[in-house]
Each structure stands twice: as structure tokens, then as C-alpha cells.
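Asks: One structure, pasted below without further comment.
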């Protein structure tokens, strides 16, 4: 009997990566193409299809494809569309599921945004297995999130729920790419941390190796490394970041009362440097009912996360 | 054939009110007892049972009791308990469902907090009929809330989710009854509005009829009436309240992307005075994706709201 596999596709601004994963989480084969090569999305899909088939040929014997999941920026779960994604070449409404469906008649195709896919990935393959209520926070260039309640992802009425990065935590605060000010992601993303390092250099006189690095060359990794070496500017940067994140998470706990909050993405790699003070600030700001009830954990997905998330989406659909 | 009815019980600090309601929302009979009369919760329940039976006798012919729902402060849905409710005489963990169950063997008994019951009431009998994603906000002495996503109430891991009144909207802000500072309910509850009126009298020189009313005698209704007469202190009070509420609601929209937000309770009776500027501030602070998508509506439940909510909880359980 053939073994069932799901195909996970991660559509990013530069690359589209995909992989075949079975229900137990075995990563069987993968491939990728350039996302931005084709002006016409139909040409892109044709190339993607051919590449997928080529990779599937290597495992086709012994495997049946039972579902396709897609993670994409501005992905709308309900409609299966990618809507006005600024990082993609087709900045319009793309009916991605329907279009891919034409190549795979009879096989369920579903789509959501990257952070929601990460949440489902954690639920199906990672540390949230068996949990019914948790929050996934992705700390990358921006901040994404996926909220799971009653065992289901909260997509909301329009399919775009879970924008934790765009709750306003500081009215009239930092300018955000979304056109507003003071969004959480201007403080706790990789970019936000960099902005905070500059704030700290303006505020304090401490000598710091960060003072010799221009803004455009600094990364959250540089700041993390400096902090581990005892650099006071970098340490204060992480303290401030943890304060902003911990306060926001305490507020989210009051709303959805999760069993755990998972952090994922570049900044989460800072480990204790981020987790310890964030947990402290979360507890300090927590409504008493929730004190010491909510775990703050690193994601257990570490490799090919986006592909795992997309494949998990496919498995999760089949379960429903 | 007998018609099915549910019993809704609203346990308040002073009174316990109950009523029998059918699936269509017909309010058939009701009664009440004093909550605080008995030191022992067993004596309280015995009196409540006898009173319920007396009232049920008036409609027993032709009706079958199919479920009991209870709305109570600090009610835990999962455990059926009331936990450390400061306004009740039994400030401990009361296994209310189990205790009532002994009087009604075989009939499902369930319990949740007042605001969650209000949300389910709106979903079963009110303006949220047919909605899968909405938020109910109760603006009373405090601020309560119930979040519905994917057609289900978000109880969270521990059963205490939906504490919108206790998200911190102003770090180091107003002192809150919960022991922290800057919670939303210190600004937008009936009490919060009063505090804001005093802030406005401190800030501005405008003559105002509110200046002749001591703090302890002022109510949100007084302030509302003054505002309708053009009193500038009262008008600025509502503007500030609407700003705080609108900003918080915009953040909540980014998380759960509801179809509508319902406002209920004393302060919601201020009508346009509250709804118009709150909607304005909500839109001003909204992530663009959600602009003009989310309705801000008054609850359609106006009479015996808490009893309707508790009965709706019973109906909702049977549906699952």
C-alpha cells in the first residue's frame, strides 16, 4: 500500500521552496524555483508544477499525494488567494489555490499566511502537539502570529486575523511600514531591535562595539553577540525589547488564555537573552488569574519551518 | 408533545435571578432570591432550587426542562466552578455545576462568566445570530468581554479567556481593582468615565454642571445627560473614553478579525455619544486590511440580558 504524503509550498519574495512530508513528519524530498522570474503568474505556476513533478518522480513509487498546503504573504485562507502582497511581483489578488488546483484536480489545495502556517506546523509536528489553545509568534523582519483556540486557527471573518505585529503598543510611537505608528513590530522584530540599539546609543554613554557599525550593516545577530559579550548597549536593547514583547504578550493572554506562547524566527534564536526577560515582563504585567500559567517556549520546528507549516496545513485540513 | 425550555440563572452579588426561555427566545417565567442571605452555599442552593421549582410549576404543564445555564462572576466553564469571586459571600472555589446537578440529575448544567454568557446570548438570541466571529464587550461597573471565533466562544486553556477589561492600555496608568495599573476598565467602564470626568475638570476651565456633583454621587448617566445638553466637560469625557475604547478595539480587530463588535451595558446606553467617536477612533487606529470591515453595534438584547445569556449557554451546549 502506498504511503500518504502532503506537499508543502512556501512562497517567498525571492524563492518558492517546496517539500513532501508524511504524517509523521518525515521530510522526503524537496525543491525550489525563483518566485520573481516570471512576470505572468501563469508562467510561474507552470514552472512550479514541472519542478514539483520532477521532485515527486523521485519518490512517486510508494507514495500518494493527498493534499497541498501553501504558505504565502497576505494569504487568505477562506478564498485561497494571495492579496496585494508587496513583496511579490504580482501585486494584485491571485487565486493561487484555484490556479494550482487545475494542475492537481481532485487533490485538496489550501493556503494561508506564513505565520498561520507556522502555528499549524507547531500543532501538527512541533511543541504544540496536543494543545488546543496556544499562540505562535514569528519574530523575523516583521512580526507575524497565529492564534489557535479550541484546537482551531483563528482566521477571523475575513481570513486575515492574527496580526499581533500590528497592534499599536505605543500611540504616536515608531513609524511602521503599515503607514501607522507604534506597532509592536517596530519594537520587537529584527528591524525593531536594531532601531532600539540606536535608541540606546542615543540615550546612554556606555562604550559599545555597536557604535562602529552603520545602521544598514547592523543585524539583530550582531546585537545578540554583543550582548552575550556583556556590551551594555546591547544588553539594554534586549531588556527594552523584552519589556515591549512581554507587555504585549500579557495582554494577549488576557484575551485568549493560551496554554503556551511559542516564539520562532531570527530573534528567537537569541535564546535566554530574549526568553528570560520577556517571561519576566510578561509575568509582571499579567492579570493575577493567569500568573505562572502560561509557558513561553521556543518553537520546536527548526529546519524547513515554512515547508513543514504548509504541509501541516494540508494534513490539518484533511483531519477536519 | 411538551415544548423544550432551558433555565437561565444569573448569579449576581446581590440577587440571583432566573428565567425559563424556549429555543425561539420566548421568556416564559422567572423568579429571584437574594444571593447574600446564606453563609453556607448549600443553604443558598436549597432555597434557589425550591424557588426554581415553584416558578417552574407555573409552566410545568406543557414544558420539559432540557438544560440549565449559569452566568456567574469568575465562572469557570471547564470546571463548572465559581472561583474566588470577590462580590460573592463564598470567596473560594464553589463547584456550582456539580452542586446544582444533584438537584437535577440527568439534566446538563453548565456555567460561564457573565460576559461570556452575554456573548452567547447575542449569538443565540440577538444581533450575532449567524455570525461565526464577533466580540461582545460589556461596559458596566467593570468591562467584560466574550470573544467568539469559528463559531465558538474562546474559553482558553484555563476557562478564563476574554478579559478585555484587563488589557493594560496605559502602562503606569490608572490604578485598577485587579492590583495593576492602566487596565482598559479603569478608562471605559461606568467608573472609568467618572474618573475621566474628574480628569477633565482638572484639565479644563469650562463651567460645567458636573462641578457641583461629588464623586460619590456622580454616575455615567449624569455625565451622559450633561453631554447631551452640550456640557463641554462631559463632551470631552466621552471623547476621551471613545479614544481609549476605539484604540483598544482596533488592536483586538488585528487579533481576531471579527465581523462585528457589540457593546452592551450601562455605558452603551449613551448611544451615538459613545458609538460615533468610538467607531471613528477604531477606524483611525485600524490596520488598513481591516478598514471599514468591522461593524460596531449595540447589543440587541435589552431585557433580562443575563438570564437570556445563561439560557443561551444551555441551548448552545445542546447544539454541540
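The values are calculated or read from the model by the stated rules, or taken from the named source; none is laboratory data. Source: prediction; values computed, not measured. A quick note on method: Cβ atoms are made from the backbone with ideal geometry, for glycine too, and the neighbour counts reach across all protein chains shown.
Asks: Which of (1) more than 19 Å from residue B:294 (Cα to Cα); (2) surrounded by fewer than 19 Cβ atoms within 10 Å (Cβ to Cβ); (3) in contact with a helix residue (DSSP H, G or I) (Cβ under 8 Å, 6 or more places away or on another chain); (4) facing chain B (nearest Cβ under 7 Å) is the odd one out, the single condition residue A:199 does not satisfy?
Replies: Failing condition for residue A:199: (4).
Asks: Only one residue in A:109, A:148 is in contact with a helix residue (DSSP H, G or I) (Cβ under 7 Å, 6 or more places away or on another chain) and assigned by TED's automatic domain parsing to the domain that holds residue A:21. Which one? Give the derivation first.
Replies: On the way: A:148 fails: assigned by TED's automatic domain parsing to the domain that holds residue A:21.
So the residue among A:109, A:148 that is in contact with a helix residue (DSSP H, G or I) (Cβ under 7 Å, 6 or more places away or on another chain) and assigned by TED's automatic domain parsing to the domain that holds residue A:21 is A:109.
Asks: Evaluate the range A:74-85: report whether one residue or more is out of contact with any strand residue (DSSP E or B) (no Cβ under 9 Å at 6 or more places or on another chain) and without any contact (Cβ under 8 Å) to a residue 40 or more places away in the chain.
Replies: Taking the range A:74-85 as the starting set, the residues that turn out to be out of contact with any strand residue (DSSP E or B) (no Cβ under 9 Å at 6 or more places or on another chain) are A:78.
Filter once more, keeping what is without any contact (Cβ under 8 Å) to a residue 40 or more places away in the chain: none.
Taking every residue of the range A:74-85 in turn, none turns out to be out of contact with any strand residue (DSSP E or B) (no Cβ under 9 Å at 6 or more places or on another chain) and without any contact (Cβ under 8 Å) to a residue 40 or more places away in the chain.
Every residue, every condition in (1) closer than 22 Å to residue B:252 by Cβ; (2) within 14 Å of chain B (Cβ to nearest Cβ), yes or no:
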| site | (1), (2) |
| --- | --- |
| A:137 | yes, yes |
| A:155 | yes, yes |
| A:189 | yes, no |
| A:193 | no, no |
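Asks: Something else about it: Criterion first (in the same structural domain as residue B:294 (by TED's automatic domain parsing) and either more than 21 Å from residue B:136 (Cβ to Cβ) or touching a residue at least 60 places away in the same chain (Cβ under 8 Å) (or both)) does residue B:241 satisfy it?
Replies: On the way: in the same structural domain as residue B:294 (by TED's automatic domain parsing): yes; either more than 21 Å from residue B:136 (Cβ to Cβ) or touching a residue at least 60 places away in the same chain (Cβ under 8 Å) (or both): no.
Here the answer is no, as residue B:241 does not meet what is asked.
Asks: Residues in the range B:302-312: is at least one surrounded by fewer than 17 Cβ atoms within 10 Å (Cβ to Cβ) and away from chain A (no Cβ under 14 Å)?
Replies: As a first pass, look at the range B:302-312 and keep what is surrounded by fewer than 17 Cβ atoms within 10 Å (Cβ to Cβ): B:302-303.
With the extra rule that they be away from chain A (no Cβ under 14 Å), the set shrinks to B:302-303.
Yes: one or more hits.
Asks: A further question follows. Suppose we keep only residues that are at pLDDT below 95 and within 8 Å of chain B (Cβ to nearest Cβ) within the range A:164-178. Which one would you say is nearest to residue A:144 (Cα to Cα)?
Replies: Of everything passing the filter in the range A:164-178, A:178 is nearest to residue A:144 (Cα to Cα).
Asks: Could you list all residues from the range B:250-280 that are within 20 Å of residue A:178 (Cβ to Cβ) and within 11 Å of chain A (Cβ to nearest Cβ)?
Replies: B:250, B:251, B:252, B:253, B:254, B:255, B:256, B:257, B:258
Asks: Determine if the range B:160-179 includes at least one residue that is in contact (Cβ under 8 Å) with a residue 60 or more places away in the chain, closer than 30 Å to residue B:318 by Cβ, touching a helix residue (DSSP H, G or I) at 6+ places or on another chain (Cβ under 8 Å) and not assigned by TED's automatic domain parsing to the domain that holds residue B:113.
Replies: Yes - at least one qualifying residue is present in the range B:160-179.
For (1) farther than 21 Å from residue B:140 by Cα; (2) touching a strand residue (DSSP E or B) at 6+ places or on another chain (Cβ under 9 Å); (3) touching a residue at least 12 places away in the same chain (Cβ under 8 Å); (4) away from chain A (no Cβ under 14 Å), each residue gets a yes or a no:
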residue: B:282; (1), (2), (3), (4): no, yes, yes, no
residue: B:286; (1), (2), (3), (4): yes, no, yes, no
residue: B:289; (1), (2), (3), (4): yes, yes, no, no
residue: B:294; (1), (2), (3), (4): yes, yes, yes, no
residue: B:315; (1), (2), (3), (4): yes, yes, yes, yes
residue: B:318; (1), (2), (3), (4): yes, yes, yes, yes
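Asks: On the basis of being farther than 30 Å from residue B:270 by Cβ, buried (at least 23 other Cβ atoms within 10 Å of the Cβ) and in contact (Cβ under 8 Å) with a residue 40 or more places away in the chain, does residue B:120 make the cut? I'd like the intermediate steps shown before the answer.
Replies: Working: farther than 30 Å from residue B:270 by Cβ: no; buried (at least 23 other Cβ atoms within 10 Å of the Cβ): yes; in contact (Cβ under 8 Å) with a residue 40 or more places away in the chain: yes.
No, not satisfied.
Asks: Going by the conditions given, is residue B:29 within 20 Å of residue B:106 (Cβ to Cβ), modelled with pLDDT of 95 or more and touching a helix residue (DSSP H, G or I) at 6+ places or on another chain (Cβ under 9 Å)? Write out each step before concluding.
Replies: Working: within 20 Å of residue B:106 (Cβ to Cβ): no; modelled with pLDDT of 95 or more: yes; touching a helix residue (DSSP H, G or I) at 6+ places or on another chain (Cβ under 9 Å): yes.
So residue B:29 fails the test.
Asks: Filter the range A:142-153 down to residues that are at the interface with chain B (Cβ under 8 Å from one of its Cβ atoms) and surrounded by fewer than 24 Cβ atoms within 10 Å (Cβ to Cβ), then give me how many there are.
Replies: Total meeting the criteria: 2.
Asks: Considering only residues that are under 17 Å from residue A:73 (Cβ atoms) and touching a strand residue (DSSP E or B) at 6+ places or on another chain (Cβ under 6 Å), which ones fall in the range A:154-179?
Replies: If the condition is that a residue be under 17 Å from residue A:73 (Cβ atoms) and touching a strand residue (DSSP E or B) at 6+ places or on another chain (Cβ under 6 Å), then A:159, A:162, A:164, A:165, A:166, A:176 are the ones that fit.
Asks: Please state which of the following conditions residue B:139 fails to meet, knowing it meets all the rest: (1) surrounded by fewer than 24 Cβ atoms within 10 Å (Cβ to Cβ); (2) not assigned by TED's automatic domain parsing to the domain that holds residue B:310.
Replies: (1)
Asks: Here's another thing I want to ask about it. Within the range B:82-96, is there a residue that is surrounded by 15 or more Cβ atoms within 10 Å (Cβ to Cβ), within 27 Å of residue B:3 (Cβ to Cβ) and more than 20 Å from the chain's Cα centre (by Cα)?
Replies: no
Asks: Anything in the range A:252-273 that is without any contact (Cβ under 8 Å) to a residue 40 or more places away in the chain and either buried (at least 19 other Cβ atoms within 10 Å of the Cβ) or farther than 24 Å from residue A:223 by Cα (or both)? List them, or say none. Reasoning before the result, please.
Replies: Step one: of the range A:252-273, the residues without any contact (Cβ under 8 Å) to a residue 40 or more places away in the chain are A:254-255, A:271-272.
If the condition is that a residue be without any contact (Cβ under 8 Å) to a residue 40 or more places away in the chain and either buried (at least 19 other Cβ atoms within 10 Å of the Cβ) or farther than 24 Å from residue A:223 by Cα (or both), then A:254, A:255 are the ones that fit.
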